[in-house]
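Undergrad: My questions will all concern the structure given below.
The values are calculated or read from the model by the stated rules, or taken from the named source; none is laboratory data. Note that the structure is predicted; figures quoted are calculated from it, not measured. Reconstructed Cβ throughout: ideal geometry from the backbone, glycine too, with neighbour counts over all protein chains shown. Side chains included, ligands, DNA and RNA excluded: accessible areas come from the protein's heavy atoms. Shrake-Rupley method; radii C 1.70, N 1.55, O 1.52, S 1.80 Å.
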Amino acid sequence: MSSQSYDKHRVPVSQRHMSKEASQTSDGRMVTVSFDGTDVQVAPGTTILDAAQRVGVRIPTLCTHEDLCVVGNCRICVVEVEGRDALQAACAFPVTESIRVTTQSAKIRTARQHMIQLLLAHHSGDCFSCRRNGTCELSSLAAEFGVDSVAFEKNADGRTQDYSSLALSRDMNKCVLCRRCVRACIDMQEVGVMEAVGKGDHIEIETFGNKPLKDVVCIGCGQCVARCPTAALSYPDETSKVWEAIDHPQKHVVIQIPVSVRASIGEALGNSPGTALGEQLVSQLYRMGFSRVVDAQLGVSLAIQEQAMELMSLLFSTKARKGAIERIVFSSNSSGWVRYMEHFLPTFLQYLSPLKSPEQLMGTIVRTHYAAHFGIDSSSIVSVAAVPCASKKVEAAGPLALTNGYRNIDYAITTQELAKMIRESGAHLASLPAQSFDSLIEPTAISTFSPFHSVLHMLSGVLFKMITGSRLTKEVSIEYTAPFNLPGAYMMKIPIDKVSPDVSAVLGEDADPSQMVGQSLVFGKCEGTANAKKVIEDICKGGAFSSCHYIEFLACPDGCLGGGGQPVPTNRTIRQARKEAFPLQLAYPDDIDSYIKDLHTRCLQKSLSGGFNRDHLFTSYTPRGKFIK
């Protein structure tokens, strides 16, 4: 890879001047902050807001989000600082010396109420019919401070409404100019679709040239939506179309459910984060009228098996150097990452795995083998995928997302959309009995697969067993490193001390079994496109990640568990709770392992019904670039 083919860091300096991290002094000096008589010691540079959170003193805010840098726009968090005449924004006031802070007074309360009224004057919409009713942060603040009327002239209509994108929609009449979306897109994801344009009371949040979202370099990750405090940003709601299909007597509606949705659907329905309701979810979906409810892990598992075969052929190829590989393979299961590569890294598409995403693969199986094996007319099938990410909507509507003239996925609905449908049905999910998934292949086949949240770890386990003939267990010494010391970007090395005789039998004469003995399998994982830019640059320079055989890239921080279609609010604690809903696994149980291998073999031998075969596993990509026409 040539470093000249990769763009340098493009985040505007104006957006990077403030950090949420305290600037620690070299001498270890601490300062005291007194909150209404409660003292706390913090390092110089800590903001008043962060200091307050450490001692449980609540200071309300709107523009602040723990995933984002500080801007101090909303002024809801104003406090009194002794010795200062004006109220100060707690989120943007770095403490450099010991101070006394008042967080509750008539002056503060009046200022916050006036700020909320000003925000409401800039905000339009009927709260009762708003899709964020119940989760709108502006509405919650208004209720908290008793703001039930607006004393200022309303100026909240006639702004941009953009419904051009398949992944996201904008209604700037509901925007409160908190700039969370700008910071999420520019600072956190380093994509840069939206920016604050204009001055004073003419400021608007716009795309480049105020062009429609479909015409700019949006990758559809939805991180802006996940952090928007109102309904200014959302995604197209397809629930009414799914209900219409369910209610149609001639339609056979199949829905696939991934682990990421099972791990988060509970909190969207009022449970604590990390409440896994997979089997209860299956039970409810049948009650709602779905014809088949299937485990999306089948598609993931089949893709992993094929990916492991591809990696093994590359590792043992006579063209490969000892312990190295012909080329690094980038994952393709994250549609947001694929869009990012098409826009920002089109010259690197050769490294992207040609495998379809698991959702598309499942949709293909539904249209071919499932339809033929169970005698269902493919034209009557409506294929639905519950997804954690808004970009899956774009993928589902792509020109190559077809099998035999039918969409692999007719409707990709986010976790929030699925939760909305469940609420509309009037059910209480946690009280329902557990029910197993349906089989998609044969009536007697395995229907529920071992849930896991890390494709990379499962792939490493499958490949390790293919090469050595042994299961990857905790007894194997796996070395983890984080070259950049960034959350969500790390490498893992797995030593290979033997090679199974089956390698030669599988790969034939072109294989050289001896060249991996004493070497290591090297995998990388990278979450978030901002981290991806650093990893790609590292590879171009011949850095640590250039030694990887395979790198799993996920567009969103914390991967699919932090996807833009997941429940709001989101933060690191919530995403960690979702991750802990299912255990980290390195290998399948024996029965599932045997079943997946057999299914993949039948796929290679073209012995499945409906013409489903290995060719249906692959897709291609379009180099789009960053230029806007």
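Undergrad: Would you mind working out the accessible area per residue for the range 245-401, using a 1.4 Å probe, and quoting it in Å²?
TA: Numbers: 4310 Å² over 157 residues.
Per residue, the range 245-401 has an accessible area of 27 Å².
Undergrad: Find the centroid of the Cα atoms in the range 589-629 and in the range 332-346, then give the distance between the two in whole Å.
TA: Using only Cα atoms to place each centre, the spacing works out to 19 Å.
Undergrad: Obtain the nm distance between the two label points defined at residue 237 and residue 214 by a simple spin-label model: each point lies 7 Å from its Cα along the Cα-to-C-beta direction.
TA: 2.1
Undergrad: I've got another one for you. For the pair residue 143 and residue 380, what calculated FRET efficiency results from E = 1/(1 + (r/R0)^6), where r is the Cβ-Cβ distance and R0 = 51 Å, to the nearest 0.05? Walk me through the numbers before you get to the answer.
TA: Values: r = 47 Å, r/R0 = 0.93.
Between residue 380 and residue 143 the formula returns 0.60.
Undergrad: Another question, then. Would you kindly derive the ³J(HN,Hα) couplings of the range 165-173 from the backbone phi angles with the Karplus curve 6.51 cos²θ - 1.76 cosθ + 1.60 (θ = phi - 60°), listing them in order in whole Hz, with x for Gly and Pro?
TA: 7, 7, 9, 10, 9, 10, 10, 5, 5
Undergrad: What's the magnitude of the charge dipole for the range 331-475 around its Cα centre, counting Lys and Arg as +1 and Asp and Glu as -1 at the beta-carbon? Answer in Debye, nearest 20. Mind showing how you got there, number by number?
TA: On the way: 11 positive and 10 negative charges, 62 e Å.
About 300 debye.
Undergrad: For 339, 262, 159, what's the largest-to-smallest order of accessible area, 1.4 Å probe? Working shown, then result.
TA: Working: 339 55, 262 10, 159 30 Å².
In descending accessible area the options line up as 339, 159, 262.
Undergrad: Another question, if that's okay. Using +1 at the Cβ of each Lys and Arg and -1 at the Cβ of each Asp and Glu in the chain, identify which of 194, 184, 133 lies farthest towards the dipole's positive end.
TA: Of the options given, the answer is 194.
Undergrad: Sequence neighbours fewer than 8 away in the same chain don't count; with that in mind, list the aspartates and glutamates whose C-alpha is under 18 Å from residue 534.
TA: In chain and number order, the partners are 7, 187, 190, 342, 552, 558.
Undergrad: Would you be so kind as to identify all helices of the chain, as entire DSSP H runs, whose Cα atoms reach 24 Å or more along the helix's own axis and whose mean Kyte-Doolittle hydropathy is at least 0.0? Intermediate values should be presented prior to the final figure.
TA: Working: long enough: 297-315 (26 Å, 0.82).
Long hydrophobic helices here: 297-315.
Undergrad: Go through the range 144-191 and name the GluC sites (Glu not before Pro) that are in a DSSP coil and have 15 or fewer other Cβ atoms within 10 Å of their Cβ. Could you put the intermediate results ahead of the total?
TA: Details: sites: 144, 153, 190; in loops: 153, 190.
Passing sites in the range 144-191 are 153.
Undergrad: Here's a follow-up. How about the range 166-251: which trypsin sites (Lys or Arg not before Pro) there are in a DSSP loop, with at most 11 other Cβ atoms within 10 Å of their Cβ?
TA: Values: sites: 170, 174, 179, 180, 183, 199, 214, 227, 241, 251; in loops: 179, 199, 251.
Sparse-neighbourhood loop trypsin sites (Lys or Arg not before Pro): 199.
Undergrad: With every protein chain present, what accessible area does residue 71 have (1.4 Å probe, heavy atoms only), rounded to the nearest 10 Å²?
TA: Only protein atoms counted, so the area is about 40 Å².
Undergrad: Another one. Projecting each Cα onto the charge dipole of the chain (Lys/Arg +1, Asp/Glu -1 at the beta carbon, about the Cα centre), which of 293, 163, 516 comes out farthest on the positive side?
TA: Toward the positive end, the furthest listed residue is 163.
Undergrad: Still on this structure, I have one more. Which residues make up the longest stretch of the chain clear of chymotrypsin sites (Phe, Trp or Tyr not before Pro) that lie in a DSSP loop with no more than 12 other Cβ atoms within 10 Å, not counting the sites? Present the calculation step by step, with values, prior to reporting the outcome.
TA: Details: sites that count: 152, 627.
Longest run free of exposed loop sites: 153-626.
Undergrad: Report the Stokes-Einstein translational diffusion coefficient (µm² s⁻¹, integer) for the range 158-216, Rh taken as the Kirkwood radius over Cα pairs, at 20 °C with viscosity 1.002 mPa s. All intermediate terms of the calculation are to be shown ahead of the outcome.
TA: On the way: Rh = 11.8 Å.
Stokes-Einstein gives a translational diffusion coefficient of 181 µm²/s.
Undergrad: Suppose only helical runs count, i.e. DSSP H with n ≥ 4. What mean residue ellipticity at 222 nm does that imply for the chain under -39500 (n - 2.57) per run, divided by all residues and rounded to the nearest 500 deg cm²/dmol?
TA: On the way: 18 runs with 178 residues, N = 629.
Helices in the chain give a 222 nm mean residue ellipticity of -8500 deg cm²/dmol.
Undergrad: Here's a follow-up. How far, in nm, would the chain grow between residue 104 and residue 541 when pulled straight, counting 0.36 nm per residue and subtracting the alpha carbon separation? Before the final figure, lay out each step's value.
TA: Working: separation 437, 0.36 × 437 = 157.32 nm, distance 5.35 nm.
This chain segment gains 152.0 nm when fully extended.
Undergrad: Put +1 on the Cβ of each Lys and Arg and -1 on the Cβ of each Asp and Glu in the range 370-424; which of 399, 389, 370 then has its Cα farthest toward the positive end of the dipole?
TA: It is 389.
Undergrad: Residues of the range 591-606 with amide nitrogen under 12 Å from the 7 Å Cα-to-Cβ point of residue 442?
TA: The answer is 595, 598-599, 602.
Undergrad: Normalised by the residues of the range 122-244, what does the relative contact order come to in percent, with Cα pairs under 8 Å and at least six apart? Please list the in-between numbers first.
TA: On the way: 164 pairs, mean separation 37.1, N = 123.
So the answer I get is 30 percent.
Undergrad: Please give the FRET efficiency for residue 34 paired with residue 571, using the beta carbon to beta carbon distance and R0 = 41 Å, rounded to the nearest 0.05.
TA: Details: r = 27 Å, r/R0 = 0.67.
The computed FRET efficiency comes out at 0.90.
Undergrad: Once you put a point 7 Å from the Cα of residue 585 and another 7 Å from the Cα of residue 41, both along the Cβ direction, what distance in nm separates them?
TA: Each label point is offset 7 Å from its Cα along the Cβ direction, giving 4.8 nm.
Undergrad: Could you run the Karplus curve 6.51 cos²θ - 1.76 cosθ + 1.60 with θ = phi - 60° over the range 382-399 and give me ³J(HN,Hα) per residue in whole Hz, x for Gly and Pro?
TA: 10, 9, 10, 10, 7, 9, x, 9, 5, 5, 5, 5, 5, 4, 5, 9, x, x
Undergrad: Tell me, in nm to one decimal, what length is gained between residue 310 and residue 163 on full extension, where the rule is 0.36 nm per residue of separation less the Cα-Cα distance?
TA: Working: separation 147, 0.36 × 147 = 52.92 nm, distance 4.00 nm.
Going from the current span to full extension adds 48.9 nm.
Undergrad: Under 5 Å between amide hydrogens, which residues at least 5 positions from residue 169 or on another chain qualify, with H placed 1.01 Å from N in the peptide plane?
TA: 234, 235
Undergrad: In addition: Could you work out how far the C-alpha centroid of the range 169-185 sits from that of the range 561-587, in angstrom?
TA: Cα centres, the range 169-185 to the range 561-587: 24 Å.
Undergrad: If the only charges are +1 at each Lys and Arg Cβ and -1 at each Asp and Glu Cβ, what is the size of the charge dipole of the range 179-223 around the Cα centre, to the nearest 20 debye? Before the final figure, lay out each step's value.
TA: Details: 6 positive and 7 negative charges, 17 e Å.
With Lys and Arg at +1 and Asp and Glu at -1, about 80 debye.
Undergrad: Of the beta bridges DSSP finds with both residues in the chain, what % are antiparallel, to the nearest 5? Mind dumping the intermediate values first?
TA: Working: 32 of 57 bridges.
Bridges in the chain that DSSP calls antiparallel: roughly 55 percent.
Undergrad: Here is a follow-up. Can you compute 3J(HN,Hα) from phi for each residue in the range 612-623, using the Karplus curve 6.51 cos²θ - 1.76 cosθ + 1.60 with θ = phi - 60°, rounded to whole Hz and x for Gly and Pro?
TA: Once θ is set to phi - 60°, the couplings for the range 612-623 become 5, 8, 4, 4, 6, 7, 10, 9, 9, 10, 10, x Hz.
Undergrad: Give me the dipole magnitude in Debye, nearest 20, for the chain about the Cα centre, with unit charges on the beta carbon: positive for Lys and Arg, negative for Asp and Glu.
TA: Numbers: 63 positive and 64 negative charges, 166 e Å.
With only Lys, Arg, Asp and Glu charged at Cβ, the dipole is about 800 debye.
Undergrad: Is there a pair in 241/393; 241/420; 392/597; 214/579; 493/525; 241/392 whose C-alpha atoms are over 22 Å apart, and which pairs would that be? Present the calculation step by step, with values, prior to reporting the outcome.
TA: Values: 241/393 14 Å; 241/420 13 Å; 392/597 27 Å; 214/579 32 Å; 493/525 12 Å; 241/392 17 Å.
Going by Cα-Cα distance, 392/597; 214/579 fall outside the 22 Å limit.
Undergrad: Also, quick follow-up: The range 453-478 to the range 240-292: how many Å between their Cα centroids?
TA: 32
Undergrad: While we're looking at this one, here's another question. So between residue 54 and residue 470, what do we pick up on full extension, going 0.36 nm a residue minus the alpha carbon distance? Let's see the in-between values first.
TA: Values: separation 416, 0.36 × 416 = 149.76 nm, distance 4.79 nm.
Difference between extended and current length: 145.0 nm.
Undergrad: Under the rule of at least 5 residues apart or a separate chain, name every residue whose amide H is placed under 5 Å from the amide H of residue 332.
TA: 353
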